[in-house]
Ligand code: GTP
Ligand code: NA
Ligand code: MG
């Protein structure tokens, strides 16, 4: 692909960490402080991902946050071979320190080769010990810059909105330090379904993340075994959008069924191709299931 067609795209970030360490609160704090202003009439809604604007070295930059339960999304997507995340924010409560799911989360990120920024949360609490968190994490290869390592640690309070700007800065520094944040917007879109549901009035509603190309209303698409034509798209503010470029999450209407989290999607030349790909995949899945159940029966025959 032509180098000239590659354009800088925003980094895509997931928040992970132990239960109750403040992932949701942190995502809310980031969103409330920095979400790109909603047009009049737009209703902010949960679409599973959002984009914020952050000022970095005097320039306005965008960051995409995946706003689904970090762990599940990450593992489900990885299980389907989709890598959506560029950077993981590891949230560790400064009063609790590292816990089993902290380790699980960092293992996932390290296995995927995703750089980690540590948000040491709840620094407002009595008993908060951010230095201890830094010390504990050195054992897992996450050594703070101030201790001679190359992992950025930022003290935050999601509750009191402390350190949020610094955290976004650390994310952008990490992105710029060694990640290739480029994608070609000048072609048919490809990406990943982040979450999807069946809505009574609107049918299948899928939140997709564009990874390359530009998705447009009217495009025929296939995601896993779901297919259809993009009937409408909405951003995180509920505003209707006509097209979506790399790293932009959008809600897509028009699929005939609900894709699974982590199913990739692509735009096809026409509706028929989208349907044929979906049907082929569905048949393959049916056959695999059948083969598995046959195997079980024959095994039982011999025991
Ligand atoms: P799960 O999704 O259940 O794993 O939890 P979570 O990691 O999303 O944690 P959540 O954001 O729900 O926060 C858990 C609790 O900690 C809530 O009662 C929050 O209000 C509280 N909390 C989160 N951040 C802070 C903080 O910076 N300071 C204090 N004092 N409390 C916080
Ligand atoms: Na919680
Ligand atoms: Mg939560």
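For the condition within 24 Å of residue 13 (Cα to Cα), at pLDDT 95 or above and touching a strand residue (DSSP E or B) at 6+ places or on another chain (Cβ under 7 Å), residue 189 qualifies. For region 55-70, filtered to residues that are within 16 Å of ligand 2 (Cβ to nearest atom) and in contact with a strand residue (DSSP E or B) (Cβ under 6 Å, 6 or more places away or on another chain), the residue that is modelled with the lowest pLDDT is 70.
Considering each residue of region 161-184, count those that are assigned to a loop (DSSP other than H, G, I, E, B) and at pLDDT 95 or above, and give that number.
Step one: list which residues in region 161-184 are assigned to a loop (DSSP other than H, G, I, E, B), which gives 161, 163, 179-181, 184.
Keeping just the survivors that are at pLDDT 95 or above gives 161, 163.
Residues in region 161-184 being assigned to a loop (DSSP other than H, G, I, E, B) and at pLDDT 95 or above: 2 in total.
The condition (being at pLDDT 90 or above, surrounded by 11 or more Cβ atoms within 10 Å (Cβ to Cβ) and within 28 Å of the chain's Cα centre (by Cα)) is satisfied by just one residue among 278, 283: 278.
Looking only at region 111-153, which residues are within 23 Å of the chain's Cα centre (by Cα) and farther than 12 Å from residue 170 by Cβ? It would help to see each step written out before you state the result.
Taking region 111-153 as the starting set, the residues that turn out to be within 23 Å of the chain's Cα centre (by Cα) are 111-121, 142, 151-153.
Hits for region 111-153 are 111, 112, 113, 114, 121, 142.
Might you check whether a residue that is within 29 Å of residue 211 (Cα to Cα) and more than 12 Å from ligand 1 (Cβ to nearest atom) occurs anywhere in region 133-140?
no
A quick yes/no check of all residues on (1) under 30 Å from residue 61 (Cβ atoms); (2) surrounded by fewer than 23 Cβ atoms within 10 Å (Cβ to Cβ); (3) modelled with pLDDT under 95:
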{"residue": "194", "(1), (2), (3)": "yes, no, yes"}
{"residue": "215", "(1), (2), (3)": "yes, no, no"}
{"residue": "228", "(1), (2), (3)": "no, no, no"}
{"residue": "242", "(1), (2), (3)": "yes, yes, no"}
{"residue": "253", "(1), (2), (3)": "yes, yes, no"}
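Filtering region 261-291 to residues that are touching a residue at least 24 places away in the same chain (Cβ under 8 Å) and over 15 Å from residue 221 (Cβ atoms) leaves 261, 262, 282, 285. Taking (1) outside any strand (DSSP E or B); (2) over 22 Å from residue 271 (Cα atoms); (3) touching a strand residue (DSSP E or B) at 6+ places or on another chain (Cβ under 7 Å) in turn, residue 238 satisfies each apart from (3).
Filtered by the rule that a residue be surrounded by fewer than 18 Cβ atoms within 10 Å (Cβ to Cβ) and part of a helix (DSSP H, G or I), region 102-131 gives 103, 104, 107, 110, 111, 131. Restricting attention to region 1-54, the residues that are at pLDDT 90 or above, assigned to a helix (DSSP H, G or I) and away from ligand 2 (no atom under 16 Å from the Cβ) total 1. Of all residues in region 132-158, those satisfying the criterion of being buried (at least 16 other Cβ atoms within 10 Å of the Cβ) and in a loop (DSSP other than H, G, I, E, B) are 140, 142, 143, 152, 156, 158.
The values are calculated or read from the model by the stated rules, or taken from the named source; none is laboratory data. Not measured: the values here are computed from a predicted model. Neighbour counts are summed over all protein chains in view; Cβ atoms, including those assigned to glycine, are modelled from backbone coordinates with ideal geometry.
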